[in-house]
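Engineer: After the structure tokens below, expect a handful of questions from me.
Read-outs throughout are calculated quantities, based only on the coordinates presented, and are distinct from any laboratory measurement. Being a predicted model, the structure only gives us computed values, none of them experimental. Neighbour counts are summed over all protein chains in view; Cβ atoms, including those assigned to glycine, are modelled from backbone coordinates with ideal geometry.
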Amino acid sequence: MTALHLIPEVAPALAPVAGPVVGPVVGPGADVAAAVTPDAGPAARPAPPALSLRGVRKEYPNGFVALDDVTFDVAEREIIAILGPSGCGKSTLLRCVNGLEPIQAGTIALDGASVTGPGTDWSEVRQRVGMVFQNYELFPHLTVLGNLLLGPLKVQKRAKAEATERALELLARVGLADRAGDYPRQLSGGQKQRVAIVRALMMQPEVLLLDEITASLDPEMVREVLDVVLELAADGMTMLIVTHEMSFARAIADRVLFLDAGQIVEQATPDVFFTAPATDRAKQFLNLFEFRTPTKKTASGRGVGHRGDGARPERQPRGPTPWPSQPTPRPTAHRPS
């Protein structure tokens, strides 16, 4: 078991309170604040956030800073969409939370206990924080069922019968009950990603990290994966979702974090962020997803094809492509007599 250290911002919230408590008690994050009344018995503090980041900094040996002073809380059952341009640190943030990338400053805590101190058992932490990657990361030599059972049997030492029953139940839930014996090469991209989601769920995580899980899928396969995530949201799974699917982020998220150059530039509810972003950088980013049909201008200033009534003219049929009736003879090289 890992020795988990309380971070300074959360530790006071877990200490006993002397004397009566009057008025609301505010925890580390406004989204987890709760009111405690004097006549409710012994004073009680609100539960700490499911996930908390304080001043997280990720710097690579070459001096590049991928994350700079990243601070936010995630309440239990909350869904946060992490948006931003490519290279802004979104995937790096998830990898730091999961321990795949070490951080150089700051603290990451689960349920108020630090998981970034010395001696952290990341194998244990990753059982509590599941992650689904862009490229599935399934073992090609194992069947679907073999991929799903590897973690529960080898890491959690669960009974094979119980783990198999759970795996088949989850496969049925995502529409893959008949593919348990197939190998990853026999699956479509959408099916592989659904298996990857089930593999993460097999470890019974408290928080699920989704890193651009539709980025490598054909458009027709995106929906089947997003439907699974929507179902997880309905079940109350706490999730951090990195995505470029703007409509999906707006539909599923409780809160949006917008990152740029490794910093949180803006955070708001989806309705506010997508309709009235507060920063110019967020507005510039969202404008990239608005497509307008360009109008070509002629020397007269009118758009090409303009008839005066705003309607586009009918396209005239193109004539036959001219083609020589006889092939052009190839020039003959001059040879000396």
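Engineer: Explain nothing, just compute: Karplus ³J(HN,Hα) = 6.51 cos²θ - 1.76 cosθ + 1.60, θ = phi - 60°, for every residue of the stretch 48-55 in order, whole Hz, x for Gly and Pro.
Structural biologist: x, x, 4, 9, 9, 10, 10, x
Engineer: Follow-up. Within a Cβ distance under 14 Å of Leu94, other residues only, what is the Lys/Arg minus Asp/Glu net charge?
Structural biologist: After counting each charged neighbour, the total is 0.
Engineer: Can you list the residues, at least 5 places off or on another chain, whose amide H is less than 5 Å from the amide H of Glu78, using H built in the peptide plane?
Structural biologist: HN-HN under 5 Å from Glu78: Met239.
Engineer: May I ask you to list the aspartates and glutamates whose Cα is less than 15 Å away from that of Lys192, ignoring any residue fewer than eight positions away on the same chain?
Structural biologist: Of all the aspartates and glutamates, those that pass the test against Lys192 - Cα under 15 Å, at least 8 places apart if same chain - are Glu137, Asp178, Asp182, Asp211, Glu212, Asp218, Glu220, Glu224, Asp227.
Engineer: With the Cα gyration tensor of the stretch 180-268 giving a ≥ b ≥ c as the square roots of its eigenvalues, does the rule (a/c under 1.5 for rounded; else a/b larger than b/c for prolate; else oblate) give rounded, prolate or oblate?
Structural biologist: In terms of gyration-tensor shape, prolate.
Engineer: Thinking of the stretch 51-287 as a set of Cα atoms, what percent of all their pairs are more than 24 Å apart?
Structural biologist: Looking at the stretch 51-287, the distances longer than 24 Å represent 46 percent of pairs.
Engineer: Turning to a different aspect of this structure: Label Gln186 and Asp227 with points 7 Å out from Cα along Cα→Cβ: what is the distance between them in nm?
Structural biologist: In this crude label model, Gln186 to Asp227 measures out at 2.2 nm.
Engineer: Tell me, what ³J(HN,Hα) does each residue in the stretch 105-111 have, in order and in whole Hz, if you take phi through Karplus 6.51 cos²θ - 1.76 cosθ + 1.60 with θ = phi - 60° and put x for Gly and Pro?
Structural biologist: 7, x, 9, 10, 10, 10, 6
Engineer: Arrange Val228, Val97 by Cβ neighbour counts within 10 Å, fewest through most, would you?
Structural biologist: So the residues, fewest neighbours to most, are Val228, Val97.
Engineer: Normalised by the number of residues in the stretch 51-287, what is the relative contact order in percent for Cα pairs under 8 Å and 6+ residues apart?
Structural biologist: Once normalised by length, the contact order is 28 percent.
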